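Please read the structure below before turning to the comments.
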Amino acid sequence: MKRLLIGLLALIAPPAFGQQSAPQIPYESVPKALSLPADLYMGEAAGVAVNSKGHIFVFHRGGSSHGPAFANTAAQLWEFGSDGRFIREIGKNLYAWSFAHAVRIDRQDNIWVIDKGSDMIIKFDPEGHVAMVIGRKPEASDADTKPYEHVNPPLPPQNGRFRQPTDVTWDPAGDIFISDGYINSRVAKLSKDGDWIKSWGEPGKGPGQFNTVHNIAADAAGNIYVADRGNRRIQVFDSDGKFLRIIKIDIPPDPDAQPAIGNKPDLTNYLETGGTMTPGAPWTLCITPPPNQVLYVSDAFPGRVYKLTLDGKVLGVLGRSGKQPKQFGWIHAVACPNENTLFVAELLNWRVQKLLLHPDQPSSAKH
């Protein structure tokens, strides 16, 4: 049966494979796009999102003084105005704060945060009040409270509980989809009211199986795009979890490309073997608003951002690893309020860059 599914997969998604080149997209990085008061410092920028007013929300791994889960608590949520001016911190000393992973904004401007350390997803209303709590953190009083371990065979997942969740999205009906994540290797679906509906996925390499479910996004038709990072692919499902297709990004890196940190990865047979640090392994997903939707994806090595059609054709590519403006140190989140404006949150460079894309400018460079 598995061989039959893999054979069918090759027939289902031919546009997603085999592309070996894409034009460079000209772009600029806006200087000092976000402005912080003199006594505030951003840590690892894990999440970034933009609401309907153009306000920017950053969920970062900044230290705080309240009680830790396993080490120093590393999660703070900040709001900035459309001009980049710092407005406020939301959820200071929140019980769910442990280790920041993602922030997203829904169509009603509610603010959703995903904390990988506490295994919780929190919905704030636009005023910053807690409106929904999903999941539950380990109790500090438990004798065996400690970080999760990857065991074989994996522990069975539980409805309503999460093990290192990573992201959240919604379909047009408002149903909630959570990528869960590092341990459970699944997608969870809840109703708009927070009632558990179902989940799908398990560890593996076949269709509907995952190796680090790192990001999730939905298009206007309600299809769910899942960043299957360790398998170096994006899987697409309908809103009921039916497998639709796989997207892979096969743009070879520059031979001289260097990683943002660490040794250069072994790229022998990486198209088949995959891995978190291989070219095209999706760390982030962002789909632009309708009517003309495109998909933005980033990888850690060689540190590029890719622009794709929703069926997987790579339209363009930009950037590389580095520490300067227009270079990237592990992009962990992308916000795309429109096709030519991106906000990218970087772990290694402790910053969020605002990028303005200029696809109409001439560029003959190929990657």
Q: Could you please state how large a percent of the accessible area of the stretch 197-337 is carbon and sulfur, counting protein chains only and using a 1.4 Å probe?
A: 50 percent
Q: Mind listing the long-range amide H neighbours of Phe99? Cut-off is under 5 Å, sequence gap 5 or more, other chains count too, H placed in the peptide plane at 1.01 Å from N.
A: Ala74, Lys116, Gly117, Ser118
Q: Please list the non-local residues whose amide H lies under 5 Å from the amide H of Asp167, H modeled 1.01 Å from N, same-chain partners needing a gap of 5 or more.
A: Ser179
Q) Quick one: what does P(r) look like for the stretch 301-360 with 10 Å bins over all Cα pairs, in whole %? A) 22, 57, 21, 1
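Using 31 Å as the Cα-Cα cut-off, could you pick out the over-long pairs in Lys198/Lys354; Lys116/Lys264; Lys92/Lys313; Lys32/Lys189? Intermediate values should be presented prior to the final figure.
Details: Lys198/Lys354 37 Å; Lys116/Lys264 27 Å; Lys92/Lys313 42 Å; Lys32/Lys189 38 Å.
Exceeds cut-off: Lys198/Lys354; Lys92/Lys313; Lys32/Lys189.
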Q | the stretch 208-353 - Debye-derived log10 I(q)/I(0), Cα point model, q = 0.17 Å⁻¹ | A | -0.91
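Keeping every protein chain in place, order Arg161, Arg232 by accessible area at 1.4 Å, biggest value first, i.e. largest first.
Most to least solvent-accessible, the answer reads Arg161, Arg232.
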Q: Set the Förster distance to 35 Å, then compute FRET efficiency between Arg161 and Thr268 from the Cβ-Cβ distance, nearest 0.05.
A: 0.35
(Q) Need one number: nm distance between label points at Gln293 and Leu310, each 7 Å from Cα along Cα→Cβ, rounded to one decimal. (A) 0.4 nm
Q. Taking θ as phi - 60°, what are the ³J(HN,Hα) couplings along the stretch 259-264 by the Karplus curve (6.51, -1.76, 1.60), each to the nearest whole Hz, with x for Gly and Pro?
A. x, 5, 7, x, 6, 5
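Taking a probe of 1.4 Å, how large is the accessible area per residue of the chain, in Å²? Provide the component values of the computation, followed by the final result.
Working: 16280 Å² over 367 residues.
Counting only protein heavy atoms, the per-residue value for the chain is 44 Å².
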Q.
For the pair Arg85/Gln258, report the inter-label distance in nm, with labels modelled 7 Å from Cα in the Cβ direction.
A. 4.0 nm
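Whenever you get a sec, line up Ser141, Ser185 from highest to lowest accessible area (probe 1.4 Å, protein heavy atoms).
Details: Ser141 100, Ser185 10 Å².
So the residues, ranked largest to smallest area, are Ser141, Ser185.
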Q.
No solvent, one uniform scatterer per C-alpha: report log10 I(q)/I(0) for the chain via the Debye equation at q = 0.06, 0.07, 0.14, 0.15 1/Å, two decimals.
A. -0.20, -0.27, -1.21, -1.41
Q: Have a look at His129, Gly222, Gly322 and report the one farthest towards the positive end of the charge dipole of the chain, computed about the Cα centre with Cβ charges (Lys/Arg +1, Asp/Glu -1).
A: Gly322
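If you average 1/r over every pair of different alpha-carbon atoms in the stretch 43-180 and take one over that average, what Kirkwood value in Å do you get? Walk me through the intermediate numbers first.
Working: mean 1/r = 0.0643 Å⁻¹.
Answer for the stretch 43-180: a Kirkwood hydrodynamic radius of 15.5 Å.
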Q. Using θ = phi - 60° and the Karplus form 6.51 cos²θ - 1.76 cosθ + 1.60, what ³J(HN,Hα) does each residue of the stretch 83-91 get, whole Hz, x for Gly and Pro?
A. 8, x, 6, 5, 9, 6, 9, 10, x
Q.
Per-residue counts of other Cβ atoms within 10 Å, averaged by peptide: what ranking do you get for 23-36, 238-251, 95-108, highest first?
A. 95-108, 238-251, 23-36
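The values are calculated or read from the model by the stated rules, or taken from the named source; none is laboratory data. These numbers come from a predicted model, not from an experiment. Neighbour counts run over all protein chains shown; Cβ positions are idealised from the backbone, glycine included. Ligands, DNA and RNA are excluded from the accessible area calculation, which covers all protein heavy atoms including side chains. Shrake-Rupley method; radii C 1.70, N 1.55, O 1.52, S 1.80 Å.
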